[in-house]
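Contents: one structure, followed by commentary.
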Amino acid sequence: MKKYLQIALMIFCVSVVFTSCKDDDNNDDAIVEARKLENEQAFAAKANDPDFFKVSIQGAGDNFVYAKRLKEGNGDPVYYTSHVKTYYRGWLATKTRDDYFDKKEFEDGDPFLCAVSPQYATYDGYGNAIVGSVITGWTIALQNMKVGDKWEIWIPQQLGYGTQDKGDDIPTYSTLVFEIEVVEISAVVGK
């Protein structure tokens with residue numbers, strides 16, 4: 001009888017642990033779904049903001065970002081094949097500009113050099129980026145900018161990091177916000 005009680009107690013403990021883990025999984029799923037919905041709503045709200053306009057590129061289908069012009073440039077246009085130097089600040093749509101996850105601004109020194117399109121990124125012989133690529137939301141925005149432009153862009157999760165968890169800084173399904181200033185076109189590949 002004692003043996004049966006021990007087995008019953010073990011089964012009970014296992015079921016409690018399993019149930020609590022299952023509840024934690026459901027709770028985690030609920031948190032992720034709530035974050036996803038909050039980010040989608042933040043992005044969708046820009047459609048009603050008269051300061052923002054949709055930005056897309058040919059071949060992007062229904063994908064677009066929202067942009068607000070902060071400063072009008074008068075330089076050369078950025079192309080798909082361009083390498084550009086930019087200053088930027090990035091934060092989550094659910095946070096404030098001052099709670100940024102990354103930045104490269106004038107006071108930080110040299111601008112950030114990137115390839116507008118991943119196809120035109122360059123690497124050394126060891127696979128290290130010389131001129132790295134950017135997320136799709138940046139690719140879309142940059143192709144609509146010119147040297148001297150400074151924009152605030154809102155990038156939906158599918159054009160940012162989507163389901164990739166970048167830790168506490170950028171969790172899954174995050175709508176990203178960037179201020180991007182195009183400082184210079186350092187090269188146009190293929191010209």
Spherically averaged projected area of segment 91-189 from its Cα convex hull (nm²): 7.2
Relative contact order (percent, whole number), the chain, Cα cutoff 8 Å, 6+ residue spacing: 26
Between helix 2-45 and the chain: long-axis angle, C-alpha atoms, 0 to 90°, nearest 10: 20
Accessible area in square angstrom per residue, the chain, 1.4 angstrom probe: 60
Residue-wise HN-Hα coupling along segment 103-112, computed from phi with Karplus coefficients 6.51, -1.76, 1.60 (Hz; x: Gly, Pro): 7, 8, 10, 3, 5, 8, x, 4, x, 7
Cut-off 12 Å between beta-carbons: net charge of the residues surrounding Val55, Lys and Arg +1, Asp and Glu -1: +2
Cα pair distances exceeding 31 angstrom across the chain, given as percent: 31
Accessible surface of segment 84-126 [probe 1.4 Å, protein heavy atoms]: carbon and sulfur percent: 47
For Glu184, residues with placed amide H under 5 Å, excluding near neighbours: Lys85
Amide H contacts of Tyr173 (H built 1.01 Å from N, under 5 Å, at least 5 apart or other chain): Gly162, Thr163, Gln164
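The values are calculated or read from the model by the stated rules, or taken from the named source; none is laboratory data. What you see is a predicted model, and the numbers here were worked out from it, not measured in a lab. Cβ atoms come from the backbone with ideal geometry, glycine included; neighbour counts cover every protein chain shown. Remember, those area values only see protein heavy atoms, side chains included, never the ligands or the DNA or RNA. Shrake-Rupley method; radii C 1.70, N 1.55, O 1.52, S 1.80 Å.
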